[in-house]
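K.L.:
Below: one structure in structure tokens.
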Amino acid sequence: MNGNAHPSIDHGLRGLKLERSVTPAQLRLTRPIGKIHEDHVTVKKITCLGSGFVGGPTSAVTAYKSNVEVTVVDINEQRIHAWQSEHLPIYEPGLQEIVYAARDGITAAFDDHTSEPLLESKGSLLSVIPSARVSARGKLFFSTEIEKAIEEADLIFVCVNTPTKSTGVGKGAAADLGFVENATRTIARVAKTDKIVVEKSTVPCKTAESIRAILSENARPGVRFNVLSNPEFLAEGTAIRDLLHPDRVIIGSMPTAEGYSAAASLVDVYSQWVPKERIITMNLWSSELCKLAANAMLAQRISSVNALSAICEVTGADVDEVSYACGLDSRIGPQMLKAGPGFGGSCFQKDIFNIVYLSESLNLNEVADFWRVIITMNEHQKDRFTRRIISCLFNNLTNKRIAVLGFAFKKDTSDTRESPAITLVSNFVAEQAHVAIYDPKVTEQQIWRELVDYGGSLEKLKLNVEVTQSAYAACEGADAVVVVTEWDEFSNKTKLDEQVVLSEIDPNQSISPKRFDKPREAHLPSPGKTGFENKTGGVTTARDFQLTVKSLAAEVGRLDWARIAQGMRKPRFVFDGRNMLDHQKLEDLGFRVEAIGKASRKAKESGN
Ligand code: UDX
């Protein structure tokens, strides 16, 4: 990964204690845990098949928070070696600390209550925390000895890839279950003792039935398998927080004594750190569908707000204001309402295609059409943003230099799957522009891989695209800067501004939601003895407030936009795809700013 070979714990666990809010209404809706008092196996060893964005962090947190030993296995030796080293194969805030703690047995680096590191410094925890203790051995292991790990486990997490099929029946829509099937067949072949097999990968509804069939048909004599569905809801960039403080843990089982017993074993594992009322048991099929349903609904919100952003741009309404006002309606809520260049990531598009495919297989064509529109809107958003950029640059990108800031599909992750940056860069290249890309965490190799996969030969791409090691290098001589990923380091907002912005998106914060129409200091509360009243009637304590401020004050290297301005060709355009910049400040520096869901300069000049 670029730039941060020894990621410091600056990006550590600060703020991870902030739980997502669960309203009393939501809690009322939760179902009881179900029949968990059946006789059941106490899980001592878990093996996780797959060491990707789900398997790695999930296993690390499970080993860190429970008394269970977790072994993560993968066929990819290189990846496993990386997990065993100081250079983990994926970037995720807080992950390194949790892995060090669980894998190497460093126990004194964390506050047990908040899970925050006790000291904040750069470098390896062992070298900077003299008081760090190393226990006899860690509880988290990474290995390529798949068969041995399966044999030793009581419970197996299946966390392998389920990409969208690229050929054959259901091409472009159905999930490719090849990896799940291979994993299942290996478990059946190897296991000499009973196992609980937990489906964690996102799978189409009823996949557990196929898994059960493969396991029972291929089991050794006397070996019994129990299949559970336990979908993972973590989001990248906040994976550790989501795993430490999940909104809910869903466990689906067969409605049989054996099924309840297996579910009870898994409930016991999660109960070691998740409040019981957040652990929900249900039938296998509901559990499988609820993961797809949650992602489809979240993606639908983003496509809705992106559709509104198109209306805002021509009417002069401001999408941030519209989305803020909508989010204050407690029935709607403020999250996943931020307009942007289109959603990306490994889940949203894939899961919607999955629902579309499922609906069509069930002859529910109108239902399929309904969900498909969310993808159509997402593609339209990327297309609209491209066209706006071309139009502002005098309808011609030929030989113009476009600096693209950010390539990951969102901040705080090195993941680029379905990132809108891929489409945008490819569109610019098709217009004969010269594109310079900078991302603080995505490797150059990964950027080339994505662009080649999208279409185009590496040789040809390299004629028009370069990957730079700094934002300044990307912007030098540029006609336009396009902000695609909302990395904090691209921001030109002061910390004070961000406190106000944070208060807007977090209903638990008490800071006045009024924005930018008064001196900013006026919005800041002063800590009282008991804390602040917040909008939902709860109280934010002074300590919470200090923690928030502390996390905001993280010393993120911020871009010097004045320096960028100096190096650019005039007129200097900034296209803010994330509405993350202070536009007035940029205009004061001589930039022409165009932003998603805000009237364009042309519209403003014509009086809209
Ligand atoms: C998602 C789900 O949130 C998670 O529960 C599930 O387990 C996996 O899929 P993830 O893809 O990691 O997680 O990221 P998420 O934060 O949901 O963002 C997805 C995309 O939507 C990103 O490209 C992000 O930039 C975009 N987004 C998100 C918006 O454009 N606006 C928003 O308001 C929120």
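Every number here is computed from the coordinates shown, using simple stated rules; none is lab data. Predicted model, so just to flag it, every value in this text is computed and none were measured. In this analysis, Cβ positions are derived from the backbone assuming ideal geometry, glycine residues included, and neighbour counts consider all displayed protein chains.
K.L.:
Based on the Cβ-Cβ distance from Trp273 to Gln432, what FRET efficiency comes out when R0 is 56 Å, to the nearest 0.05?
P.N.:
With R0 = 56 Å, the Cβ-Cβ based efficiency is 0.55.
K.L.:
P(r) for the stretch 49-98: what percent of alpha-carbon pairs falls in each 10 Å bin, starting at zero?
P.N.:
That works out to 26, 61, 13, in percent per bin.
K.L.:
Right, here's the next one. Quick check: net charge around Pro231, other residues with Cβ under 15 Å of its Cβ, Lys/Arg +1 and Asp/Glu -1?
P.N.:
Charge balance near Pro231 sits at 0.
K.L.:
Let me ask you something else. According to the Cα gyration tensor, what semi-axes, each the square root of 5 times an eigenvalue, does the equivalent ellipsoid of the stretch 240-316 have, listed from largest to smallest in whole Å?
P.N.:
37, 16, 6
K.L.:
Sort the following peptides by mean Cβ neighbour count (other Cβ atoms within 10 Å, averaged over residues), highest first: 255-266, 562-573.
P.N.:
Highest-to-lowest ranking by the protection proxy: 255-266, 562-573.
K.L.:
Next question. A 23 angstrom limit on the alpha carbon distance is what I want to check against. Which of Lys410/Lys441; Lys350/Lys460; Lys165/Lys291 exceed it?
P.N.:
From Lys410/Lys441; Lys350/Lys460; Lys165/Lys291, over 23 Å: Lys350/Lys460.
K.L.:
Give me the base-10 log of I(q)/I(0) for the stretch 180-290 at each q in 0.10, 0.14, 0.22 Å⁻¹, Debye formula, one uniform scatterer per Cα, rounded to two decimals.
P.N.:
For the requested q values the scattering log ratios are -0.30, -0.57, -1.21.
K.L.:
Counting only other residues whose beta carbon sits under 12 Å from that of Leu393, what net charge do I get with K and R as +1, D and E as -1?
P.N.:
+4
K.L.:
Can you sort Ser229, Ser201, Ser391, Ser346 by how many other beta carbons sit within 10 Å, fewest first?
P.N.:
Ser391, Ser346, Ser201, Ser229
K.L.:
Using 7 Å Cα-to-Cβ label points, what is the Ile311/Ser391 separation (nm, one decimal)?
P.N.:
Distance between label points: 1.8 nm.
K.L.:
Follow-up question, since we're still on this one. Treat the stretch 360-503 as a sphere of radius equal to its Kirkwood radius over Cα pairs and apply Stokes-Einstein at 25 °C in a medium of 0.890 mPa s; give the translational diffusion coefficient in µm²/s, rounded to a whole number.
P.N.:
In µm²/s, the coefficient rounds to 148.
K.L.:
Using alpha carbons only, what's the Rg to Rh ratio of the stretch 263-354 with Rh from Kirkwood?
P.N.:
Radius of gyration over Kirkwood radius for the stretch 263-354 works out to 1.12.
K.L.:
Would you mind getting me the FRET efficiency between Gln584 and Ser143? Use the beta-carbon distance for r and R0 = 35 Å, nearest 0.05.
P.N.:
It comes to 0.05.
K.L.:
Also: At a threshold of 8 angstrom on Cα-Cα distance, excluding pairs fewer than six apart, so keeping six or more, what relative contact order does the stretch 205-265 reach in percent?
P.N.:
Here the relative contact order equals 31 percent.
K.L.:
Something else about it: Can you order the peptides 93-105, 154-166 by their average number of other Cβ atoms within 10 Å per residue, highest first?
P.N.:
93-105, 154-166
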